[in-house]
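Asks: For reference, the structure I am asking about is given below.
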Amino acid sequence: MRVWKAAAAVAVVAIVGGVLYGVFGSTQPVRIDPADRAQVDLGRKLYVEACASCHGANLEGQPNWQKRLPSGRLPAPPHDASGHTWHHPDIDLFRVTKLGPAAYPTGYETDMPAFGDRLSDAEIAAILAYIKSTWPPEIRARHDRLNAAKAEGR
């Protein structure tokens, strides 16, 4: 009888975990590796298709990206070293890309759409790998330290 109860408990945890994953997205993105040529090449292609119309063909963002629009929202920021993308750990970048506004605190408004229904986790990771591959070594090193701190809970 104990075995059945344990099996039922495991099944419930698995079902709840699956539901939460489906609603909130993964808590740990797939590998994002700016040194992986295949991942970066795929990411470059996907970036052009899904991101460049707002964030620019050269990752430059929209003009005056730090000045609010009449709607009160900010234009799309650059993803190159001049922007603030590298100020955020991979997990946050992944979640914002996958979930769009749902990844932000309640009440925060943005024009950033959710891509979770259009791009797989691996495709989102590839786009982020491409973006990171364009950063200078010192920015990548800072970003790596940020990721490490986030992983340690700091």
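Asks: From a point 7 Å beyond the Cα of Asp144 in the direction of its Cβ, which residues of the range 33-67 have a backbone N at a distance under 20 Å?
Replies: Answer for the range 33-67: 33-41.
Asks: On to the next question. Could the peptides 131-140, 89-98 be put in order, highest first, of the mean number of other beta-carbon atoms found within 10 Å of their residues?
Replies: With the highest mean Cβ count within 10 Å placed first, the list reads 89-98, 131-140.
Asks: Go through Lys67/Lys132; Lys67/Lys98; Lys45/Lys98 and tell me which ones have a Cα-Cα distance over 22 Å in this structure.
Replies: Pairs exceeding the cut-off: Lys67/Lys132; Lys67/Lys98.
Asks: On to the next question. Taking square-rooted eigenvalues a ≥ b ≥ c of the alpha carbon gyration tensor, is the range 78-139 rounded, prolate or oblate, where a/c under 1.5 means rounded and, failing that, a/b exceeding b/c means prolate?
Replies: Because a/c hits 1.5 or more and a/b fails to exceed b/c, the range 78-139 counts as oblate.
Asks: Per residue and in Å³, how big is the convex hull formed by the alpha-carbon atoms of the range 28-151?
Replies: In the range 28-151, the Cα convex hull volume per residue is 107 Å³.
Bear in mind that the values in this text are calculations on the coordinates, not laboratory data. Not measured: the values here are computed from a predicted model. With ideal geometry, Cβ positions are generated from the backbone for all residues, glycine too; neighbour counts draw on all protein chains shown.
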